[in-house]
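Take a look at the following structure, please.
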Amino acid sequence: MSSTNNIDVFFSAQSFQENELRDKSVVVIDVLRATSTIVTAMMNGAKGVIPVEDMGEASRISQSVDSDNYMLCGEKDGAKIDGYDLGNSPLEYTRETVSGKTLIFNTTNGTKAIKKSLGSSTIYIASFLNLSTIVKALSVEKNEIVLLCAGWKGRLALEDMLLAGNIIYNLCDAQLSDDANDGAKVAFGLYEKYSDDIKSVIFQSNHAQRLKDVVGPDDIDYCCQTDVTDQLPILHDGIIST
């Protein structure tokens, strides 16, 4: 793709209609924590991740598969759901735990954003952990691109917008066109303003403050790391794989 003019940014999964994604390539972003956890799971050998919208869908799928090869994973309001194998902490998704497993994954914001993107052409999963790999893939993408920030319950999440801005900043070599979409300009501007100290800014974000009260700071610290893997998770027929 020769220009970032074909990139737009949505600040939450409630900020658009599904038909706005038709024939476009969507990059789902949920830094704290769903997309960071998915990237980590794939890095550590998970066979695939099945994103679901709610506990009911997760339960239906889990009852129809071989429990030895599948794990039920996710959170509600930040905390691990009772009866699930894993929560939404990327630190739980070690190679010893998830290698060779297919994960049924249910989260408050991230998996809902993925499910709402199903009418698009391609769905990429992005985090700071695989930033450069996402940028490389988008640099040759032929479709229009939407960076879809999961947000938090319909609200803007600063950490998601910062990653969207970082992606755009890298794609355009720090020179955003005056003709860029408004969403791209906002994300780019936020990243440009805070790029010198991304981790500290994320730790001060509303969602990070909520998470620290629930799970402590370690997950946030982990999710702020950049380029720890070259994994490129993409949704294929309802399953995220690489």
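So for Thr226, Thr97, Thr108, what's the accessible-area order with a 1.4 Å probe, most first?
These residues rank, largest area first, as Thr226, Thr97, Thr108.
While we're on this one: Determine the per residue accessible area of region 187-242 with all protein chains present and a 1.4 angstrom probe, expressed in square angstrom. Working shown, then result.
On the way: 3060 Å² over 56 residues.
Computed with neighbouring chains in place, this is 55 Å² per residue.
Let me ask you something else. How compact and how long is region 51-136, expressed as Rg and Dmax of its alpha-carbon atoms in Å?
Cα-based Rg and Dmax for region 51-136 come out at 13.6, 39 Å.
Under a straight-distance cross-link criterion of Cα-Cα below 30 Å, which lysines are reachable from Lys115, leaving out those fewer than 8 residues away in the same chain?
Answer for Lys115, where 30 Å is the Cα cut-off: Lys24, Lys47, Lys76, Lys80, Lys101, Lys136, Lys142, Lys153, Lys185, Lys199, Lys212, listed by chain and number.
Let me ask you something else. Which of Ala174, Ala184, Ala113 ends up with the largest GNM mean-square fluctuation for the chain, with Cα atoms connected below 10 Å?
Ala174
How much of the accessible area of region 77-199, in percent, comes from carbon and sulfur atoms when a 1.4 Å probe is used?
Ligands and nucleic acids excluded, carbon and sulfur reach 44 percent.
I've got another one for you. Calculate, for region 141-184, the solvent-accessible area per residue in square angstrom, rolling a 1.4 angstrom probe over the heavy atoms of the protein chains.
On the way: 1830 Å² over 44 residues.
Heavy-atom SASA per residue in region 141-184 reads 42 Å².
Expressed in nm², what is the orientationally averaged projection area of the convex hull enclosing the Cα positions of the chain? Numbers along the way, then the final one.
On the way: hull surface 47.1 nm².
With every direction weighted equally, the projected area is 11.8 nm².
Right, another one. Let's test this: bin the Cα-Cα distances of region 36-93 at 10 Å from zero up to the farthest pair and state each bin's percent.
Result returned by the calculation: 22, 58, 20.
Note down the magnitude of the dipole of the chain about its Cα centre, charges +1 on Lys and Arg C-beta and -1 on Asp and Glu C-beta and zero elsewhere, to the nearest 20 debye.
For the chain, the charge dipole is close to 260 debye.
Next question. Along each of its three principal axes, how wide is the spread of alpha-carbon positions in region 107-191, in whole angstrom units, largest first?
35, 25, 25
The values are calculated or read from the model by the stated rules, or taken from the named source; none is laboratory data. Since the structure is predicted, the reported quantities are computational estimates derived from the model, not experimental observations. Neighbour counts run over all protein chains shown; Cβ positions are idealised from the backbone, glycine included. Side chains included, ligands, DNA and RNA excluded: accessible areas come from the protein's heavy atoms. Shrake-Rupley method; radii C 1.70, N 1.55, O 1.52, S 1.80 Å.
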